[in-house]
Amino acid sequence: MVKGKKIIAIGERDGVPGPVIAECLEGAGYEVVFQVTECFV
Amino acid sequence: MSETRSNSRPVRVGIEAVFYSLAHVPDLVRYGSKPLRELRAGPGLNEKLPRQLRDFSAATAYAPHQVYIGNISPEQLRELPKPWYEKLIDGATAQGRFGELVDQNRFYALLAGADQFDLVKFEEQWFKQHAALFSCGRAPRLCSLPEIKARCAEGALALYSGEQLVGAFESGHAEDANLSADVLLENLSAKVTAGHSLRLALSGLGIDPGEIDYVISCSEEAVGDRYNRGGGNLAKAIAEDVGCINAAGSDVKAFCAGPMYAMVHGASLIYSGVARKVAVVAGGSLAKLGMKFESHLKNNMPVLEDVLGSFAVILASAKPNQTCMRLDSAAFHPVRAGASPQAMAEYLAERPLAKMGMKLTDVDRYGVELHNPEITVPSGSGDVPRTNYLTLAALAVMRGLIGKNQMQDFVHARGMVGYAPTQGHIPSAIVYLGHALQALKSGTIRNALLIAKGSLFLGRMTQLSDGCSFLVDRNEP
């Protein structure tokens with residue numbers, strides 16, 4: 001169901017970083033087309 | 001610091017003084033990175049923004065600023081009614097126990113006095129009436145209003161006092177983007193605010209600037225030209241500005257964690273005998289003015305990011321009973337640690353504490369990223385210090401030091417509410433040092449662990465975060 005679905009992963013420094021979100025989603029079968037970690041302060 | 005070090009003897013370096021200043025510069029908010037971009041994109045904001053700017057008395061009476069300069073403790077702030085921007089402090093003064101607020105006229109005078117390249121010019125009558133009494137350093141370059149207007153028409157940045165055009169800030173080179181007017185205003189602002197804090201730290205101690213033999217700047221600017229962008233050594237320019245004639249200097253950069261690294265570097269110079277008195281300084285970040293201004297306008301709040309934060313710390317060999325930093329507690333976030341908040345807490349708190357035979361619950365107060373939530377929550381950026389404290393509390397639960405139902409108690413007892421303006425390097429733990437020293441001297445706390453993070457990934461050179469921490473305590477036998 002999720003295989004091949006395209007995802008943009010935006011992480012946050014004090015929460016979950018982008019690469020971690022990407023790794024989890026790729027493991028679940030999503031295609032991560034862009035990931036980034038942001039700092040909102 | 002190596003985790004394998006077995007030395008159990010405390011290694012202390014004395015903290016002689018700490019001083020903070022906030023330069024209230026409402027008419028420079030328009031030159032913050034975010035406002036500058038949004039004002040260009042939506043000219044309608046040019047009318048709306050000035051209506052939401054605070055005057056100096058409101059900025060002075062703003063409770064988080066009173067905490068910043070030492071007149072109110074972080075514990076007292078927690079009990080004060082909100083919103084703080086409406087519930088102003090009666091009788092608030094611009095001078096605090098270890099800091100002060102500087103108004104915009106005085107800031108303009110500082111800019112003029114520290115400008116060695118004729119970058120900034122002020123309208124003569126206005127300057128004589130409003131800023132001349134604060135003049136120091138080099139004599140200001142004064143000229144007529146038509147000349148100011150002509151400079152601005154040629155590309156200089158317009159400097160305002162309210163709605164009145166009072167000055168012009170020019171570029172330092174016709175072609176070099178690193179010497180453009182906006183970059184140089186940012187750099188010179190960092191220089192003069194850091195210099196102001198250092199000057200007051202030294203005068204508070206009653207020592208001559210000539211006694212300082214090394215200055216480390218950890219400001220957020222990037223001084224340099226097109227062949228050496230970010231070349232640096234603002235430290236030496238600050239040393240010169242303050243009259244530290246015997247000092248050399250250098251800069252330490254590590255995003256928001258810069259000040260903590262700078263403190264470790266400075267303490268190492270002292271402990272190794274390379275230097276006897278070191279000043280660690282940082283000036284304010286012009287780029288971060290008005291960073292969240294859109295959400296403040298949307299919520300009909302004053303634009304709260306209207307101040308440039310700065311600080312100066314003087315380090316020297318530890319004396320008996322003095323408040324000190326524990327150099328043996330210094331911890332860095334290694335590459336292998338990964339970027340999760342839990343890894344940060346492990347490497348910057350749990351492991352260095354364990355090295356000293358301490359647990360998370362042996363720390364009386366944690367100084368973390370102390371961003372003022374009244375600034376960040378309206379924009380959806382959350383309550384940053386609270387998130388940091390909950391991560392530490394959760395780690396304490398995982399290690400069996402407290403029960404899950406004690407997490408809020410942990411946060412309440414060992415944490416505090418944020419009170420620092422979102423100036424990046426300033427809120428990152430170093431802002432708490434002044435209060436930590438007061439609490440250590442009074443015996444309210446036995447120790448405090450300062451933990452700062454740096455968002456290295458923003459520079460697009462690595463996906464990594466970063467961090468640095470150290471413990472402060474008293475030099476007791």
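Each value in this text was obtained by applying a stated rule to the coordinates, not by laboratory testing. The shown structure was predicted, so the numbers you read here are calculated from the model rather than taken from an experiment. Neighbour counts are summed over all protein chains in view; Cβ atoms, including those assigned to glycine, are modelled from backbone coordinates with ideal geometry.
With a ≥ b ≥ c the root eigenvalues of the C-alpha gyration tensor of the range B:142-248, is it rounded (a/c under 1.5), prolate (a/b larger than b/c) or oblate?
Taking the square roots of the gyration eigenvalues as a ≥ b ≥ c, the range B:142-248 is oblate.
Express in whole angstrom the spacing between the alpha-carbon centres of the range B:21-68 and the range B:450-477.
29 Å
Divide, for the range B:169-316, the radius of gyration over alpha carbons by 2.2 N^0.38 Å, where N is the residue count.
That ratio works out to 1.12.
Taking the Cα centroid of the range B:332-404 and of chain A, what is the distance between the two, rounded to the nearest whole Å?
23 Å
Residues of A:8-14, mean number of Cβ from any other protein chain within 10 Å of their own Cβ, rounded to a whole number?
Per residue, the average neighbour count from other chains is 5.
At most 15 other Cβ atoms within 10 Å plus a DSSP loop assignment makes a site exposed; report the longest stretch of chain B without any exposed GluC sites (Glu not before Pro).
That would be B:176-477.
Express as a percent, rounded to the nearest 5, the fraction of DSSP beta bridges in chain B (both residues included) that run antiparallel.
Of the beta bridges lying entirely in chain B, close to 70 percent run antiparallel.
Hand me the chymotrypsin sites (Phe, Trp or Tyr not before Pro) from the range B:216-301 located in a DSSP loop with no more than 12 other Cβ atoms within 10 Å, in residue order please.
Sites meeting the loop and neighbour criteria: B:Y227.
Can you give the relative contact order of chain A as a percent, counting alpha carbon pairs under 8 Å and 6+ residues apart?
Reported relative contact order: 51 percent.
With a bin width of 20 angstrom, please list the P(r) values of the protein assembly as shown as percents of all Cα-Cα pairs, from the 0 bin to the one holding the largest distance.
It works out to 23, 56, 20, 1, in whole percents.
Counting other Cβ atoms within 10 Å, keep those with at most 16, restrict to DSSP loop, and tell me which chymotrypsin sites (Phe, Trp or Tyr not before Pro) in the range B:107-170 are left.
B:F117
For the range B:1-94, place one equal point scatterer on every Cα, skip the solvent, and apply the Debye formula. What is log10 of I(q)/I(0) at q = 0.17, 0.20 Å⁻¹?
The Cα Debye sum returns log10 ratios of -0.87, -1.02.
For chain A, find the longest principal axis of its Cα atoms and tell me its angle to the long axis of helix A:18-27, 0 to 90°, nearest 10.
20 degrees
Could you tell me what a quarter of the Cα convex hull surface of chain B works out to, in nm² with one decimal place?
For chain B, averaging the hull's shadow over all directions gives 22.4 nm².
Once a ≥ b ≥ c are taken as the square roots of the eigenvalues of the Cα gyration tensor of the range B:336-477, is the result rounded (a/c under 1.5), prolate (a/b larger than b/c) or oblate (a/b not larger than b/c)?
Judged from the Cα gyration tensor, the range B:336-477 comes out rounded (a/c under 1.5).
What angle do you read, to the nearest 10 degrees and between 0 and 90, between the alpha-carbon axis of helix B:181-205 and the longest principal axis of chain B?
60 degrees
With a/c under 1.5 counting as rounded, go ahead and sort chain A into rounded, prolate or oblate using the C-alpha gyration tensor (a ≥ b ≥ c being the square roots of the eigenvalues; past the cut-off, prolate if a/b is larger than b/c, else oblate).
Note, shape of chain A comes out prolate.
Give the relative contact order (percent, whole number) for chain B; include only Cα pairs under 8 Å separated by 6+ residues.
Relative CO of chain B lands at 20 percent.
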